[in-house]
Amino acid sequence: MSEPVAKHLTGEIRTSMYRVIIKASIDQVWSELIRSDRPLPFFFNGQYDTPGLQDGAAFAMRTPDGKHTLVMGKVIEFEPPHRYAHTFRFTTSDDPVSIVRYALKEVEGGVEFTLINEHSAADEVSKSEKQMAQGAKFICENLKALVETGKATTGGRMMLFMFSLMAPMTPKSALSSNWPLERAPGLDDIRMTEEA
């Protein structure tokens, strides 16, 4: 069997990384990460809309009521239960498309979960990039809490409650009717190269 081909940004990249140990099996963490049957508190209560997470599949992260779409992307790596990567764009921004990577590794005491955001250094630091770096900590901490305890952190639940109060202020540009899966950004929307 040949080694998988990893897809990377061309040239210099900027990354932000956050890592956490989750006291659970790798299959438990993976299953929660890719769950598409309900909103995911660690993904800011977004719910996957996808024909199925697999290499090349488009997805949208929609609000629990399906009215708004906040993130679009395409899967570029999908190797259960160890690696998952996708393109990423906020629907409320014209910022450059980036890549998000999730890596799961069994370690003593559980699973090391790593979230990496990649951005082309040729692009200026965008508002989206700053939000993604801040969001990485929230995602990791709340995924850990959800897998280990069945619920998000107290701070995470408070933030999600505040988001629900602010939902009526979501820009009309994020209406899901504006974001069919065909609009998901793919590899052709960013400078990419492949390495074996």
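The values are calculated or read from the model by the stated rules, or taken from the named source; none is laboratory data. Bear in mind the structure is a predicted one, so any value in this text is a computation, not a measurement. Heads up, the Cβs are rebuilt from the backbone with ideal geometry, glycines too, and the neighbour counts pull from every protein chain shown. Surface accessibility is based on the protein's heavy atoms, side chains included, excluding ligands, DNA and RNA. Shrake-Rupley method; radii C 1.70, N 1.55, O 1.52, S 1.80 Å.
The listed residues are Arg19, Arg38, Arg62, Arg83, and the only one of them that is over 22 Å from Ala152 (Cβ atoms) and of a type in the set (Lys, Arg) turns out to be Arg83.
Of the numbered conditions (1) open to solvent by less than 20 Å² (accessible area, probe 1.4 Å); (2) assigned to a strand (DSSP E or B); (3) not basic (Lys, Arg), Gln47 satisfies every one except a single condition; which is it? Here Gln47 clears every test but (1).
Selection of segment 90-109 for residues being surrounded by fewer than 20 Cβ atoms within 10 Å (Cβ to Cβ) and over 22 Å from Ser128 (Cα atoms) yields Lys105, Glu106, Val107, Glu108, Gly109. Of all residues in segment 69-98, those that are farther than 19 Å from Pro51 by Cβ have Cβ atoms under 7 Å from Cβ atoms of residues that are open to solvent by less than 70 Å² (accessible area, probe 1.4 Å) and charged (D, E, K, R), 6 or more apart or on another chain, in Arg83/Glu77; Pro96/Asp123; Ser98/Glu118; Ser98/Glu129. Scan segment 63-89 for residues that are open to solvent by 30 Å² or more (accessible area, probe 1.4 Å), of a type outside the set (Asp, Glu) and assigned to a strand (DSSP E or B) and the total you get is 5. Screening segment 153-180 for residues that are open to solvent by less than 40 Å² (accessible area, probe 1.4 Å) and in contact with a strand residue (DSSP E or B) (Cβ under 8 Å, 6 or more places away or on another chain) and picking the one that is modelled with the lowest pLDDT gives Thr170.
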